[in-house]
Amino acid sequence: MVDGETPFEDIDNQKLNFGHMKVWFTSGMGFFTDAYDLFIIGIVLILLTGPYAVSMHLNTLQASLLGTSAIAAAIFGQLTFGIIADRFGRKKVYGIEATILALGAILSAVSTGFVMLFLSRFFLGLGIGGDYPVSATIMSEYANTKDRGKLLSLVFANQGLGSVTAVAVGIISVVILPPELAWRFMLLFGAIPALAVIYLRRKLPETPRYSLLVNKDKNTAAMAKKVVGGNESVSTVETEKHSISEFFSNYWKLLFITSSTWFLMDIAYYGTGIYSGPIVSQIIVPSSIAMKVFYAGVPFLVGFFGYFSAVALIDKVGRKSLQIGGFIGMAVIYMFISYILIVRGTKVTGFMIPAELTFILYSLSFFFIDVGPNTTTFILPAELYPVHYRTTSHGISAASGKAGAAISTLFLPAILLQIGLKEMLFMLGIISILGAIISIGLPEPKNRSLETVAGEKIKTKNTVENS
């Protein structure tokens, strides 16, 4: 099969339209919530640990467990919801994860102790995990070919909006509210965007590709195609479905690449992200709690521009080039900062260049993460795999990433204490180089239909039926 010869040629060739934006908003707001909930905990921990601790004082172990709880739960959510969405359909679970997100945020905000807060965050993490494979796949299966990378990048860019919002809500909360209420409000705010999209998610039809190729449901496929401006004519098709063993036999190398690169990227991203406060405080000394929150948030503000640079570049430059380039940029910055740090033992005592410039360079690493592998590792699994195993593959890849994130957030405080910032940054540089090397094996899905990219074997019969 060559490009264009698919049952979805009409939607593949569509121009970007309001229907695409509707699917993006419905998918993206859940991802906004995912990012907000994952990164607000770093700010909450400032209020629950150390000199700023208030009503619920957490020790180092409790803080590490709390920072990791939602991420660890996300692994189970990604694997479970990914398998369910391939087995029973994307729509079957679309809205359920958003409900879990909202309930988890509310329960976290009213927690009366560490155990309840830990369990609430774990429950919330199941919803976060479930949202990754389903939102990505729904957007890819509705998107037109020319703008698919842009649309998927826009879904993921909501992580940038969510993380920046976390910084803004954190600063406003600590300035306006007493500390005992501030951390609760930060957690409660995460329920709002999730509640806003539950209805839209339940009303969105099953994707055209899953409806036709898996369910053999031409009526729903026609309805779904109309959402993004497609016609009501639906071809009768025959598709080949491989067994799970055949799938892994054919795709294990690709699955290794998409999983391992996401794993390596998340070690750097979540470690430096959730613990941005302690890391930044070794470079710039804050004068107040509000300034500590602000400095911790500056890297996210710099990274914000990376997300939308990816939106602009991904369908021109390609996913593979952005991923390799981003990893290289991360490696250069991490290793350069490691080189210029002056340390005594494990303690930073000075810099070879001004501290302010060091802080700017460190923040710039978030730009390279977000314009590159943070965005592309999310996008590629939604494009490279066949429809019968698309959410499963995305779930496996995403779960591998969250495993890296969990390892990083759980052990980074101890790593900082044992080897110091200088050696930790050098280690992250090596990890980034490894990510770039593995990414060389990726195929490039730019400007190719999903069916062609995934090697789908589809036979279109001559009969065309109007639904």
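Every number here is computed from the coordinates shown, using simple stated rules; none is lab data. This is a predicted model, so every value here is computed, not measured. When we count neighbours, we look across all protein chains shown, and the Cβ atoms used for this are built from the backbone with ideal geometry, even at glycine.
Within a Cβ distance under 10 Å of Glu206, other residues only, what is the Lys/Arg minus Asp/Glu net charge?
Values: positive: Arg90, Lys91, Lys92, Arg209; negative: Glu141, Asp217.
Summing Lys/Arg as +1 and Asp/Glu as -1 gives +2.
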How large is ³J(HN,Hα), in whole Hz, for each residue of segment 76-92 in order, when computed from phi with the Karplus curve 6.51 cos²θ - 1.76 cosθ + 1.60 and θ = phi - 60°, using x for Gly and Pro? 5, x, 5, 5, 5, 5, x, 5, 4, 5, 7, 7, 10, x, 5, 5, 4
Identify the residues of segment 365-389 with backbone N under 20 Å of a label point that sits 7 angstrom from the Cα of Phe351 along the Cα-to-Cβ direction, or state none. 365-369
Cβ crowding within 10 Å averaged over residues, with 352-364, 143-155, 294-306 ranked highest first: 143-155, 294-306, 352-364
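Just to confirm a number: summing +1 for Lys and Arg and -1 for Asp and Glu over residues other than Arg90 whose beta-carbon lies under 14 angstrom from that of Arg90, what do you get?
Values: positive: Arg87, Lys91, Lys92, Arg201, Arg202, Lys203, Arg209, Arg390; negative: Asp86, Glu97, Asp131, Glu141, Glu206, Asp217.
Result for the local shell: +2.
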May I ask you to sort His57, His20, His388 by Cβ crowding, counting other Cβ atoms within 10 Å and putting the fewest first? His57, His388, His20
log10 I(q)/I(0) for segment 372-425, Debye formula on C-alpha points only (no solvent), q = 0.12 Å⁻¹, two decimals, reads -0.42
For Val343, the residues 5 or more places away or on another chain with a placed amide H closer than 5 Å to its own amide H are Thr349
What nm distance separates the two modelled labels at Val317 and Asn13, each placed 7 Å from Cα along Cα→Cβ? 3.1
Magnitude of the charge dipole, the chain, Cβ model with Lys/Arg +1 and Asp/Glu -1, debye to 20: 200
Of (1) 58; (2) 54; (3) 48, the label for percent of Cα pairs over 28 Å apart derived from the coordinates: (3)
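Going by C-beta contacts inside 10 Å, put Leu264, Leu47, Leu410 in order with the fewest on the left.
Numbers: Leu264 27, Leu47 24, Leu410 18.
Ascending number of Cβ neighbours within 10 Å: Leu410, Leu47, Leu264.
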Inter-probe distance in nm under a simple model that places probes 7 Å from Cα toward Cβ, at Lys253 and Leu181: 6.1
Given the rule -39500 (n - 2.57) for each run of at least 4 DSSP H residues, summed and divided by the residues of the chain, what is its mean residue ellipticity at 222 nm, to the nearest 500 deg cm²/dmol? -25000 deg cm²/dmol
Just to confirm a number: summing +1 for Lys and Arg and -1 for Asp and Glu over residues other than Gly30 whose beta-carbon lies under 11 angstrom from that of Gly30, what do you get? -3
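Let me know the whole percent of all Cα-Cα pairs from segment 31-116 that are separated by more than 17 Å.
Values: 2009 of 3655 pairs.
Result: 55 percent of Cα pairs exceed 17 Å.
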Using θ = phi - 60° and the Karplus curve 6.51 cos²θ - 1.76 cosθ + 1.60, what whole-Hz ³J(HN,Hα) does each residue of segment 176-182 get, with Gly and Pro shown as x? 8, 9, x, x, 5, 9, 4
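Take the Cα pairs of segment 349-467, get the Kirkwood Rh, then feed it into Stokes-Einstein at 10 °C and 1.306 mPa s and tell me D in µm²/s. Can you show the working numbers first?
Numbers: Rh = 18.0 Å.
The Stokes-Einstein estimate is 88 µm²/s.
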